[in-house]
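Data first, discussion second: the structure below is written as structure tokens.
Coordinate-derived values only; no laboratory data. As the structure is a prediction and not an experimental result, all values here were calculated from the model. For neighbour counting, all protein chains shown are included, and Cβ atoms are generated from backbone atoms with ideal geometry for every residue, glycine included.
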Amino acid sequence: MASSTHFEDLVTDFSCPVCLEWFWEPVALPCGHLYCQACVEAAWGVPGSKPICPQCREQFPERRYTPCKLLGTLIHRIGGMRAGEAEEGRRTEPRESALRQNGTLTSVQETTKLYKEELSLAILRMESNLTKLVLLTREEEEKLQNHQGIHSLLNRLPPDNPGP
């Protein structure tokens, strides 16, 4: 039970306060608060506006943050990443903590739900196609058996003798 509690603490400690997911490409703001790079960029919004920390609301003179490679590496190792990827501090396939859909940020949970729904529909279509294929295969096998039966009967018939 103790290890489960420690893991839950890690999830809380290594979670972005914006997207509430594990940090992805974590960055530190000048005030010391940590965020996913994509989340802080989204929170800062339109270029030209003064950047502020989403947590403590401190304003900064410029859009500036520092990548936290060590934290990224730790999170990837905890998450079971392959060693080479963890040392690089990134996955080989791109991922954002929050995904853009129609110009708005969508949480990972919402995006996962959408993909699950799409996958469920795709699975239903595939199962339907498989059922159709099985039926067609049975029909073709029946036709083949009928043809083989007719061929067998024809082979048993005596040959036609042409007249004198």
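What to note about this one:
- Cβ charges +1 (Lys, Arg) and -1 (Asp, Glu), total dipole of segment 107-158, debye: 160 debye
- Rounded to whole numbers, the Karplus 3J(HN,Hα) couplings from phi for segment 114-124 are 4, 5, 4, 5, 4, 5, 4, 5, 5, 5, 4 Hz, using 6.51 cos²θ - 1.76 cosθ + 1.60 with θ = phi - 60°, and x at Gly and Pro.
- Within the same chain, lysines fewer than 8 places from Lys132 are excluded, and of the rest, those with a Cα less than 19 Å from its Cα are Lys143.
- Judged by the mean number of other Cβ atoms found within 10 Å, the most tightly packed of the peptides 124-132, 24-32 leads the ranking 24-32, 124-132.
- The stretch between Arg156 and Ile123 holds 7.0 nm of extra length on full extension. This uses 0.36 nm per residue minus the Cα-Cα distance.
- Under 28 Å from the Cα of Lys69 - lysines, other chains or at least 8 residues apart: Lys50
- Scoring 67-74, 51-58, 149-156 by mean Cβ neighbours within 10 Å over their residues and listing the highest first yields 67-74, 51-58, 149-156.
- Top positive-direction residue, dipole computed over segment 107-158 with Cβ charges, set Ser152, Ala122, Val134: Ser152
- Sorted largest first, extent of segment 107-158 alpha carbons per principal axis (Å): 78, 9, 5
- Stretchable slack from Lys116 to Thr137, in nm (0.36 nm times residue separation minus alpha-carbon distance): 4.5 nm
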